[in-house]
Amino acid sequence: MARRHGLAPSTVSAHLSVLREAGLLVSRRQGHYVLYGRTALGDAVVDGDVRPEAG
């Protein structure tokens, strides 16, 4: 991702960490790699199915 978007690997890592902490991504190690995938909440955000809470 870093190479594809012309960003520093540390920048991509920081953004992915924030998304993971927000419950939008899950991560798992596979050998030397860390693979990321969206959670159900992440899918709902992408699909526009999340409504802001009233309050």
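In table form, for the structure just shown:
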{"quantity": "Only listed residue being in contact with a Phe, Trp or Tyr (Cβ under 9 Å, 6 or more places away or on another chain) and of a type in the set (A, V, I, L, M), chosen from V46, V12, V18, V26", "calculated": "V26"}
{"quantity": "Complete set of residues in the stretch 28-39 that are among the hydroxyl-bearing types (S, T, Y), modelled with pLDDT of 95 or more and either surrounded by fewer than 10 Cβ atoms within 10 Å (Cβ to Cβ) or assigned to a loop (DSSP other than H, G, I, E, B) (or both)", "calculated": "T39"}
{"quantity": "Residues (closer than 26 Å to V50 by Cβ and of a type in the set (A, V, I, L, M, F, W, C)) located in the stretch 8-39", "calculated": "V12, A14, L16, V18, L19, A22, L24, L25, V26, V34, L35"}
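Residue-by-condition table, conditions (1) assigned to a strand (DSSP E or B); (2) open to solvent by 60 Å² or more (accessible area, probe 1.4 Å):
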| site | (1), (2) |
| --- | --- |
| R4 | no, yes |
| L7 | no, yes |
| S10 | no, yes |
| S13 | no, no |
| R20 | no, yes |
| V26 | yes, yes |
| L41 | no, yes |
| V45 | no, yes |
| P52 | no, yes |
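The values are calculated or read from the model by the stated rules, or taken from the named source; none is laboratory data. Given the structure is predicted, the values throughout are model-derived calculations rather than measurements. FYI the Cβ positions are ideal-geometry reconstructions off the backbone, even for glycines, and counts take in every protein chain you see. Heavy atoms of the whole protein, side chains included, go into the accessibility calculation; ligands, DNA and RNA do not. Shrake-Rupley method; radii C 1.70, N 1.55, O 1.52, S 1.80 Å.
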